[in-house]
Amino acid sequence: MTSPSYSANNITVLKGLEAVRKRPGMYIGSTGPDGLHHLVYEVVDNCIDEAMAGFCDKILVVLEKNDIVRVEDNGRGIPVDIHPGEGVSALELVLTRLHAGGKFDKGTYKVSGGLHGVGVSVVNALSSWMEAWVSRDGYDHFQKYETGLPVDPVKRMGETEKRGTTIRWLADSSIFTETTTYNFDVLSTRLRELAFLNSGISIILRDERLSVPKELVFSFEGGISHFVTYLNENKTVLHKEPIYISGERDEIIVEVALQYNDTYSEVMLSFVNDINTREGGTHLVGFKSALTRVLNEFLKSSKHAKKMEDSLSGDDVREGLTAVLSIKVPEPQFEGQTKTKLGNSEVRGIVDGLVNDQLTLYFEQNPDVINQIIEKSVLAAKARIAARQARDATRRKSAMDSSGLPGKLADCSEKDPAQCEIYIVEGDSAGGSAKMGRNRRFQAILPLWGKMLNVEKTRIDKVIGNDKLQPVISSLGAGIGESFDVSKLRYHKIIIMADADVDGSHIRTLLLTFFFRYMTDLVKGGFIYLAMPPLYKISWERNILYAYDDAEKERLMKTIDRDPEKVNIQRYKGLGEMNPDQLWETTMNPDSRMMMQVTLDDAVEADRTFTTLMGEHVEPRRKFIEDNAVYVSNLDV
Ligand code: 0RA
């Protein structure tokens with residue numbers, strides 16, 4: 001232990017650990033909840049690599065009590081022999097040296113990889129403690145670490161016939177200051193995704209923090225085709241099975257699965273080495289251009305050819321498309337703001353060529369499928385042209401009146417969008433109170449009334465022309481659909497204010513569906529809020545308190561040092577019952593109001609929820625509402 005090379009080692013280790021603990025964000029993105037969950041992904045990614053190399057088919061992730069996580073696999077086990085050059089166990093090297101993981105298996109490149117692909121040593125460095133068990137060569141082995149440093153050398157334990165690696169750790173709360181508690185749903189979404197992307201592996205997620213442990217098993221023989229089936233669940237599909245394309249060229253492995261449904265939206269996920277490339281990149285460009293080209297080729301020989309002047313656009317051919325594109329690249333170059341855009345230029349042509357050839361072949365052999373898709377794309381193209389005309393018409397119309405803003409809008413005087421808010425208010429009477437109660441310098445009011453359109457069942461041309469949505473579109477001033485431009489937004493807070501009853505929740509959901517489908521950047525950017533009017537007014541003598549839910553009402557009642565008989569409790573049935581001053585004080589005054597910001601963490605789950613709630617199929621909706629009854633009555637989304 002005191003050999004010179006060991007102390008030299010120690011210095012390298014300390015320097016590495018220090019770097020990680022000093023700037024955790026550089027290695028795992030953040031020290032918030034995202035970074036915390038990244039620890040699990042990082043360890044699991046190593047197991048997936050082992051599985052991809054053909055030595056492991058089962059991964060178990062356990063959320064133990066007290067924020068401890070355990071990840072087990074049945075792979076070869078991390079090597080434990082003493083590394084000749086370094087004089088320490090290979091296990092210790094893998095767990096304490098940055099980037100030591102790949103050194104041992106040069107033959108296979110690391111296919112899977114967390115966003116940062118940094119290795120287990122980073123997780124170790126950011127943990128109060130970590131334990132590693134390795135079952136290998138007939139024995140169990142064990143080593144424990146504290147803030148990334150080994151407590152003792154690797155110890156050989158009892159005999160075993162098993163093989164595999166178990167890593168168990170507690171995230172360091174002095175680094176993850178916001179929280180060290182894992183979210184089951186967040187982990188299950190990513191682990192499900194990994195199981196879809198790597199068919200043949202079983203990934204089990206178990207929550208032992210609950211009195212009755214919960215366990216999900218993800219194992220999909222169908223791979224990304226099954227992923228597409230999952231994404232299209234509760235949608236009416238145009239052809240029974242997803243179309244599956246795969247191939248390999250120049251060490252780049254390409255897989256695509258796609259299936260059309262009868263909705264008007266597109267769900268397109270792309271992955272490089274299991275990383276979700278949210279910003280797209282060359283692989284996606286290759287896929288999209290091949291799809292558009294192939295469909296235009298088939299259009300030429302179809303009965304629609306004569307009636308169609310324009311060719312089909314990319315958006316036309318992707319209406320109702322659900323697709324998953326997954327490629328494996330030995331040396332990916334990631335670009336873009338969040339480093340989730342593939343830059344490798346050679347990939348584009350490879351994906352394009354493969355998709356072009358195999359899709360053409362598939363459609364030649366399946367004329368019914370291609371006819372259905374052409375039919376739908378042609379309708380989408382016609383709607384697109386009609387939508388453009390509708391947009392031009394509104395532009396001309398708005399050029400005529402001085403402001404171009406809808407008559408119902410009571411605008412604010414402030415011109416800096418960052419300071420401006422717009423309240424979209426259900427009903428004329430609440431709209432009236434809001435107009436009187438507001439601060440007209442920075443708060444605009446747009447009342448909505450009557451039956452709101454369900455955009456989930458409508459094509460874009462009808463959405464643009466809709467008399468309920470048109471005032472919303474023109475008030476916001478940033479366009480709609482493909483031409484939506486968030487930099488033109490006239491208000492940086494868009495606040496939906498509706499009653500806490502069934503009608504209110506209906507209008508809220510319809511508006512959110514509209515924003516999600518046609519102004520996704522608004523939701524992504526966190527510009528949308530739900531106003532939270534109080535449920536109760538508690539008054540006595542000249543005092544007034546407001547409670548936003550039952551629990552708060554109970555709590556407040558206890559603090560009032562009065563005979564409860566003399567305290568008056570009023571339950572608000574709607575916004576209309578509040579006078580302008582009360583509405584200002586409780587729901588609109590930035591210093592005292594409550595609002596809920598709508599965010600988009602997970603586009604896949606959001607798509608499923610909106611399809612379930614607003615789509616055609618009644619049974620899944622009934623089931624969703626039943627399963628989420630408590631949640632729905634609270635949040636109404
Ligand atoms: C280095 C080399 C080998 C396997 C692994 C690391 C390995 C790491 C992890 C992390 C979690 N589970 C793991 N399983 C394996 C190759 C071993 C060999 O050549 O026998």
**Asked** Among the residues of region 134-141, is there at least one that is within 11 Å of the ligand (Cβ to nearest atom), at pLDDT 70 or above and of a type in the set (Asp, Glu)?
**Response** yes
**Single residue of region 80-91 satisfying the filter (small (Gly, Ala, Ser) and within 24 Å of Ile48 (Cβ to Cβ)) that is nearest to the ligand (Cβ to nearest atom)** = Ala90
**Message:** Just the residues that are part of a helix (DSSP H, G or I) and of a type in the set (Asp, Glu), please, taken from region 143-187.
**Reply:** Asp185
**Fill in**
Subset of region 1-24, residues modelled with pLDDT of 90 or more and surrounded by 12 or more Cβ atoms within 10 Å (Cβ to Cβ), comes to Ala19, Val20, Arg21, Pro24
**Message:** Among the numbered criteria (1) among the hydrophobic types (A, V, I, L, M, F, W, C); (2) near the ligand (Cβ under 10 Å from one of its atoms); (3) more than 24 Å from Glu146 (Cβ to Cβ); (4) modelled with pLDDT of 80 or more, which one does Met52 miss?
**Reply:** (2)
**Fill in**
Within region 93-117, the residues that are within 12 Å of the ligand (Cβ to nearest atom) and either at pLDDT 70 or above or among the acidic types (Asp, Glu) (or both) are Leu93, Val94, Leu95, Arg97, Asp105
**Request:** Return yes or no: is Ala390 at pLDDT below 80 and buried (at least 16 other Cβ atoms within 10 Å of the Cβ)?
**Result:** yes
**Request:** Considering only region 67-79, state which residues are β-branched (Val, Ile, Thr) and near the ligand (Cβ under 10 Å from one of its atoms).
**Result:** Val71, Ile78
**Asked** Which of the residues spanning region 317-331 are buried (at least 23 other Cβ atoms within 10 Å of the Cβ) and over 19 Å from His226 (Cα atoms)?
**Response** Val317, Arg318, Glu319
**Asked** If Leu39 satisfies every condition in (1) more than 12 Å from the ligand (Cβ to nearest atom); (2) under 15 Å from Gly200 (Cα atoms); (3) surrounded by 23 or more Cβ atoms within 10 Å (Cβ to Cβ) but one, which is the exception?
**Response** (2)
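Yes/no per residue for (1) in contact with a Ser or Thr (Cβ under 7 Å, 6 or more places away or on another chain); (2) within 17 Å of Gly119 (Cα to Cα):
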{"position": "Ala51", "(1), (2)": "no, yes"}
{"position": "Gly54", "(1), (2)": "no, no"}
{"position": "Glu64", "(1), (2)": "no, no"}
{"position": "Arg70", "(1), (2)": "yes, yes"}
{"position": "Asp73", "(1), (2)": "yes, yes"}
{"position": "Pro79", "(1), (2)": "no, yes"}
{"position": "Ala90", "(1), (2)": "no, yes"}
{"position": "Leu93", "(1), (2)": "no, yes"}
**Message:** Taking the criterion of being surrounded by fewer than 18 Cβ atoms within 10 Å (Cβ to Cβ), closer than 26 Å to Phe142 by Cβ and of a type outside the set (A, V, I, L, M), would at least one residue in region 182-194 satisfy it?
**Reply:** no
**Asked** So which residues in region 445-473 are surrounded by fewer than 17 Cβ atoms within 10 Å (Cβ to Cβ) and acidic (Asp, Glu), if there are any at all?
**Response** Asp467
**Request:** Quickly run through region 471-483 and pick out the residues that are within 13 Å of Phe515 (Cα to Cα) and at pLDDT 90 or above.
**Result:** Val472, Ile473, Leu476, Ala478, Gly479, Ile480
**Asked** What is the number of the single condition among (1) surrounded by 16 or more Cβ atoms within 10 Å (Cβ to Cβ); (2) under 20 Å from Thr587 (Cα atoms) that Leu476 does not meet?
**Response** (2)
**Item:** Residue under evaluation Ile350, criteria (1) at pLDDT 95 or above; (2) surrounded by fewer than 19 Cβ atoms within 10 Å (Cβ to Cβ), criterion not met
**Value:** (2)
**Prompt:** Just for strands (runs of 3 or more DSSP E) wholly inside region 234-337: which have at least 2 residues that are in contact with a Phe, Trp or Tyr (Cβ under 6 Å, 6 or more places away or on another chain) and hydrophobic (A, V, I, L, M, F, W, C)?
**Reply:** 321-328
**Fill in**
The lone condition Thr160 fails out of (1) over 21 Å from Glu42 (Cα atoms); (2) within 16 Å of the ligand (Cβ to nearest atom); (3) touching a residue at least 40 places away in the same chain (Cβ under 8 Å); (4) not acidic (Asp, Glu) is (3)
**Message:** Any residue that is away from the ligand (no atom under 16 Å from the Cβ), of a type in the set (A, V, I, L, M, F, W, C), closer than 26 Å to Val134 by Cβ and buried (at least 19 other Cβ atoms within 10 Å of the Cβ) - is there at least one of those in region 238-256?
**Reply:** no
**Message:** So, in region 549-579, how many residues would count as being crowded, with 16+ Cβ neighbours inside 10 Å and either assigned to a loop (DSSP other than H, G, I, E, B) or basic (Lys, Arg) (or both)?
**Reply:** 5
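The values are calculated or read from the model by the stated rules, or taken from the named source; none is laboratory data. Computed from a prediction, not measured in an experiment: that's the story for all the values here. Cβ coordinates were reconstructed from backbone atoms using ideal geometry, including for glycine residues, and neighbour counts include every protein chain displayed.
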